[in-house]
Each structure stands twice: as structure tokens, then as C-alpha cells.
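None of the figures in this text is laboratory data; all of them are computed from the coordinates on show. All of these numbers come straight from a predicted model, not from anything done at the bench. Here the Cβ positions follow ideal geometry from the backbone for every residue, glycine too, while neighbour counts run over all protein chains shown.
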There are 2 protein chains.
Amino acid sequence: MSETGVKNEQSETVLFDSAALKLDCGVTLNHVSLAYTTYGTLNGDKRNAILICHPLTCDQYPASENPQTGRDGWWTQAVGPGRPIDTDKYFVICSNVLGGCGGSTGPQTDNPDGSGPYGLNFPVITIADMVRAQNLLIDHLGIESLFCVIGGSMGGMQVLEWAAMHGPRVFSAVPIATSARHSSQNIAFHEVGRQAILADPEWHAGAYYEKDAHPRKGLAVARMAAHITYLSETALQRKFGRNLQDRESVTYGFDADFQIESYLRHQGMSFVERFDANSYLYITRAMDYFDIAAENNGNLAAAFKDTATRFCVMSFTSDWLFPTSESVNLVRALNAAGANVSFVEIESDKGHDAFLLDEPEMHATLSGFLKSAAKARGLIEGGRDHD
Amino acid sequence: MSETGVKNEQSETVLFDSAALKLDCGVTLNHVSLAYTTYGTLNGDKRNAILICHPLTCDQYPASENPQTGRDGWWTQAVGPGRPIDTDKYFVICSNVLGGCGGSTGPQTDNPDGSGPYGLNFPVITIADMVRAQNLLIDHLGIESLFCVIGGSMGGMQVLEWAAMHGPRVFSAVPIATSARHSSQNIAFHEVGRQAILADPEWHAGAYYEKDAHPRKGLAVARMAAHITYLSETALQRKFGRNLQDRESVTYGFDADFQIESYLRHQGMSFVERFDANSYLYITRAMDYFDIAAENNGNLAAAFKDTATRFCVMSFTSDWLFPTSESVNLVRALNAAGANVSFVEIESDKGHDAFLLDEPEMHATLSGFLKSAAKARGLIEGGRDHD
């Protein structure tokens, strides 16, 4: 039990060395590790499991401290005892994505051929590949069907891929602040970040592990650029405005005169302590490639044809990275596919990051949706109650 | 006469070596060169001069080819014979800003103390300093009062500073797609660009000139990040979407699979051929420091108190770098100051760059405003006609 009061927290790494993971790029991985954490108790018929899919730079610790980084759980507002994703009621699973750097197989993992860390020899992966790996984990846990798959941003992309690829295993799905395809502007921002990493001489064409190097400066710049896109202009103006950082007046130099500069530099510097630059390249690439409609000849609705999954789609008014228009496109396609879908656009000035923050309307929506879905699945009163 | 049909094009560099230029940072420059171009003919009483202030990465060649870079004039849509800023009617002046790299004094200029190029020993300048230097040029040209000062983006900042500092010399002013202060988000994007340059080992703490180096990779990343902010999400989606670059399918690699990636890389690579990295640092810093209200104890209207200048403010609906809200703030302050001001928000999906492009409504507004101002000044019929 962690200090957050979550019962039955367990973190493990499972090695799949007999299952073949055939990736979209054509490569088959026969040796895949997934690091995952579970919270709560799987009920007798294994029908109360919720899979949380994490966003780009998070990990398998949504509700508890990451013992490697010492950082608090990244979604404690939403996940925990009595929280919308209630670990007293549900068995919550979160795994570090394939390609990540939190213990799952990724570019920093040793290549089974004995040549040392993969580096750029790691195959380029997709969101679908991440889901294929998670699917092995769900098999491993003996769960036939997930009660719900939930995630924001890149996590939401995984949610959609789960519903599209493994609909019968997904009773309900909550894609938040996401899109069925990465936009041109989003690809553009990712490309800036990647070029910043590639420009760093410590990158060594991805083979920096052996040289005890890390493209820290490039990765920090990538993080700084990305971080701007996670916040709304309003939030930046409200939090920082043109306030100066610990000084009375500007210094006529290139120091961090403004709080926003100091904040961004801190974001960049702290990020490089916990994230691997190659993982950043691979995961951003997976997001860029994401386009569920393209996987279905341009027809997004076809991806969800005859789906029995219940969807709850959420977006935020001030999110300009994954704007409401993207969610609306998704909802239209789900409706066209005859899906059971509810959609809420939440008023917030916090930008894309709103889904990670204290957003009562999001939490109320999530609670209400899960309660209704739990009734429909017979997990609580109104159906069978497994609490 | 240039190939664009502009009459009397002249490009010169004037050295001010007796006038003292006291900068905001406290340093006094006694040796300042300004490279400038003029088009058209100054009339007898020198009342038909229009000063064009250029944006961040442009130069003193709005209406004709830059002989150094070979690039076309950057504002030929708006400036030339028969254009809204009609070089057949007006005497048009444009100077490379102080701190720039188009021939005016900047960090790449030799320090008069004989120590070689300034590099980081160049004093940090402000938008007001750029205007002070331009003011010396207007003195040099023997012009008492400018008919109009016009500019977009950083050029618009200079326009506002001209009106605030030298109101009696500014008969009319057209600030386009600009703001009276640089926002937190805009400072943030500039800081990302600067950190990308500073991270490049070829930057050598600004002393790269002597080493025959140039932080090309860092400057390219800076340009890529900035370029995204110049375009709207809609324009990116329309121009590039998720289209692939000369290939049928993604390559599962880090090549420029998408057109938007290829476009941004090209923007970055071509920029470093024509722009100096230190100039980029200094000019972005000048923009960050810009805050006319702060120069007047937080009262923006006070900056324009009793102004006789006629203002025409323009913004574009899809410009998220200098959104309409910034122009509205400015217009409110000008109204509070009792100024003669007209304001037009132009419907365009082209983002911030719209002011440089073929925008008929902007051009019509500019023509109409200049015609009306020319009448009021007695330059054309309705008053005295100096054509």
C-alpha cells in the first residue's frame, strides 16, 4: 500500500519471450518486456479491470510515486481510493509503453543479439504496436475483457486503437483530449523537438549509451517547445505574464529575466533527468504516424463498425494541441458507426494539460460514466454488485 | 530602377560616427551604421516620406531583390508602383534594424575598439533603440516629419514606438499584426529558439565569427519552431495536412516522411544561409523586452497622450502569435488617449504571415487609409497635391 492510500499496489516487469510481437513496420520482436503497475483487486470473474494508457512523457505510475524518479503519480487527481477511477472498486492497470524508458522494451534496452542497447536499431513503432504489447499483458493477467480503457493525449490514441483493434475486449473507452490522427501542426512541433535532439553532438546517431553521453541540451529544447503546446496562451499569461524572475528590472542580457523563461528552462532540465532522448524520438514518431482513418482506407467510422464499446469522449475548450474539433470529428465517426457515445467539451483555460489537473467537471464526467458503465456490466447495484 | 519597376531605388549605408546613440541598457554607441534602401522621390517639402519597419527576419529590401541573398523583396505585394504603398507617389524608406545582419551595426560588426566582431559584447538593444537609430537616419535625410510609419509584427512594434517617442514626426501610423507588448507565450517561443542556438557547440558563446563557425543546426531549429507560429493550424492542414513527401507510405524511420517535415527542414536550412545567429538572439530579445505600457508606469494610453498621429490598426482572425485581442487592447488605449484611430480585423486563415501575403482586404484598407491621410496632409487633391 502506497502513501497515497492505494491498496494492493504492485509493480512488475513481465518478459514475453515466447510470444511474437509483429510490428507495423514488419519487424517481429520475440523478446519484449513490459513494466506495469496495478492497483486494487481483480474481482473473481476478472471483469473490473481498467487499463490506463499513459501520455507521451508519463509512465506506469499514475497513482503512486515512481521509485526510479521519485516523482508523484502523474494522475493522482483521477486515480486512487475514492477518486473517479476508484482503486477500491476497480483493478487498475498501467504499463509503460513499448518504446518507453520506464522499464519496458525500448531503444535503451539491450538488443537480444548481444550487440548492446538497440539505439536506432530499435524498430520504429506505432500506437497500434503499443496496444499489441498491452494486449499481451492483458492476456498474461488472464483478463478476457477490460471494463474500461482510459487515457488522455497519446493515451487517448491508445484507447482508440484498443477499441478499433480489440473491440470485444473493451467494454468501455474514455479517450480524453486526443484525436484519431495527429495533425500537421502537431507533427511540426514534434519534428522541431526531434531536430533539436539530432542536432546535439551528444546524440551520436542514437548510440550515446555506450559513450556515457546523453543529448541533454537537445532533449531539453525539445521539451521546452513541447511544453508550450501543453498550456494555453491564457494560462501562460495568468501564471507568468511578463513577470520577472527574482529581479526588479530586466538585465539587458540573455539570462532568464522572465518567469516564463525560468519555468521553461526548469522544465527542460528536469525532463532530461528522467527521460531518454531516443525514447522521445520513437514515441513522438509513433504519434505522428497515428491515423486510424488511414488504417481503414480513409474511413474513420469503418474502424469502429459494429462496435459494442461504450465511449465517453472529452475535450477542453482551451486545448489547442488537441482541439475540440478533433474530438468532434471522432464523435461524428463513432455516431456514424452506430456507437454508444457521449461527448463533453469541458470549459477550462488550462490548455491541453487540463486532463492531468484538477478539473472537477472532467472528474464528475468520468465518475458518472464509469458508474453507468459499471451498472451496465453488472459490477454494481442495478446489475450484479462486485464491490 | 529595379526589375520590379520601382523608380529611383537606392541602397546605401550611412555611418553615424558623431551622433551619440544612448541605448536603453545604458551603453552609448558612438559609431553606428545603418543600411537602408529608398524607393521613389522625396518631394520638395519632404512631406511624402513613408518609413517601413521590417519584421524580425526581414531586411531593408521590401520592394526589391536583396543583392546579398538574391531573395525577392519581402513585401512586394504591398510596396511598389501602383501598390498600396505606392513608390510612384511616396518616398519609401526602409532600414535594416540596429542589431540586424543586413548591413546595419549588430553583433557581427567589428567593435570599434579593434577587438574584432562584437559577438556577445554587443549591447542588448530594445525596439526603442532600433527607433532611435532610425530617427538618426530620418534626420540625416533631412525629413522633419514622416507622412507614415508602417510595419507588421516586430515592424508594428517599431511603428508604435515611433508614435510614442516621436509623435510629432509621425503624421500617420499603421501597426499591423502586432502588439503593445510581447506576450508570455511569445517570449516562451523565443526562449526555445535562443536555447537551441546556445545549445549548438558551434555557437562558441557568440564568438563563432573568428572560428569560421556558425551555429547552423541550432539556428535552424529556432527558425523551425518560429515558423510554426507564423502559420495557422488551418493553413498547415490545408497546405500540408498529413501528406507524404515524395513517397507512397511512411518509411518507419526519422526521415522527412511528411511534407510538413520537409517544409520545415527547408525553412530551417535556408534561413541559416541568410541570417546571423547572434542577430537572432539580440532581435528576439528586443521583442521580448517590448512593453510600451511598462515604459509608462503600466498605462498604455499615457504613451500616446495628446497624440496627433492618425492610426490604422490591423489584425488577422487566424493570427495566434499576435492575436486580435492584442490589437483590441491597443485600440482601446489609443481611444482612451483620444487618438484618431481606425481598426480592421481581417478575415484570413493564413495566420500571422498573412500580412506578408496577398490579402486584398489588407491592401485595400492600407490604400484607403493612406489616401485619406494624404488628403489630410495636403499631398493629393482635397488638399495640396504634391504628386
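Some notes on this structure:
- For a straight C-alpha distance cut-off of 23 angstrom, no lysines are reachable from residue A:22 once same-chain residues fewer than eight places away are disregarded.
- Peptide-level mean, for A:282-291, of C-beta atoms on other protein chains within 10 Å: 2
- Percent of Cα pairs exceeding the 19 Å cut-off, where the set is region A:1-64: 50
- When residue B:368 is represented by a point 7 angstrom out along its Cα-to-C-beta vector, the spacings to that point in the other copies are 4.8 nm, nearest first.
- Highest mean packing comes first when the peptides B:181-188, B:302-309 are listed by Cβ atoms within 10 Å, giving B:181-188, B:302-309.
- Kirkwood hydrodynamic radius (C-alpha pairs) into Stokes-Einstein, region B:231-387, 10 °C and 1.306 mPa s, D in µm²/s: 82
- Among A:82, A:152, A:100, the largest mean-square fluctuation in a Gaussian network model of chain A (Cα springs under 10 Å) belongs to A:82.
- Interchain or long-range residues, amide H under 5 Å from residue B:315's placed H: B:177, B:344, B:345, B:346
- Average beta-carbon neighbours from other chains, 10 Å sphere, peptide B:215-224: 5
- Label point 7 Å beyond Cα along the C-beta direction, distances from residue A:213 to other copies (nm, shortest first): 1.4
- The distance from the alpha carbon centre of region A:344-380 to that of region A:109-184 is 21 Å, rounded to a whole number.
- Inter-copy separations for residue B:342, label at 7 Å along Cα-Cβ, nm, ascending: 5.3
- For peptides B:226-233, B:59-66, sequence by mean Cβ density within 10 Å, most packed first: B:59-66, B:226-233
- Sorted by Cβ neighbour density within 10 Å, fewest at the top, the residues B:224, B:287: B:287, B:224
- Among the trypsin sites (Lys or Arg not before Pro) in region A:220-281, those located in a DSSP loop and surrounded by at most 11 other Cβ atoms within 10 Å of their own Cβ are A:247.
- 27 Å Cα-Cα reach of residue B:7 towards lysines, excluding residues that sit fewer than 8 places from it in its own chain: B:46, B:89, B:371, B:375
- Residue among B:34, B:23, B:281 with the largest mean-square fluctuation in a Gaussian network model of chain B, springs linking Cα atoms under 10 Å: B:23
- Fewest neighbouring Cβ atoms within 10 Å first, the residues B:258, B:240, A:16 line up as A:16, B:240, B:258.
- Scaled radius of gyration (Cα, divided by 2.2 N^0.38 Å) that region A:1-150 gives: 1.05
- Value in Å of the Kirkwood radius, where the protein assembly as shown supplies the Cα pairs that are averaged: 28.2
- Contact order normalised by residue count of region A:93-188, Cα under 8 Å, 6+ apart, percent: 20
- Computed over region B:186-285, the P(r) curve from all C-alpha pair distances, binned at 5 Å from the origin, holds 2, 13, 20, 20, 16, 13, 9, 5, 1, 0 percent per bin.
- Computed on region B:78-174, the Cα convex hull volume stands at 113 Å³ per residue.
- Over chain A, relative contact order from alpha-carbon pairs under 8 Å, at least 6 apart, %: 16
- Over all distinct Cα-Cα pairs of chain B, the Kirkwood formula returns a hydrodynamic radius of 21.4 Å.
- Backbone phi angles across region A:304-312, fed through the Karplus curve with coefficients 6.51, -1.76 and 1.60 (θ = phi - 60°), yield HN-Hα couplings of 10, 3, 6, 5, 9, 5, 8, 10, 10 Hz in residue order; Gly and Pro are listed as x.
- Shielding by partners - mean other protein chain Cβ count within 10 Å, residues of A:178-187: 5
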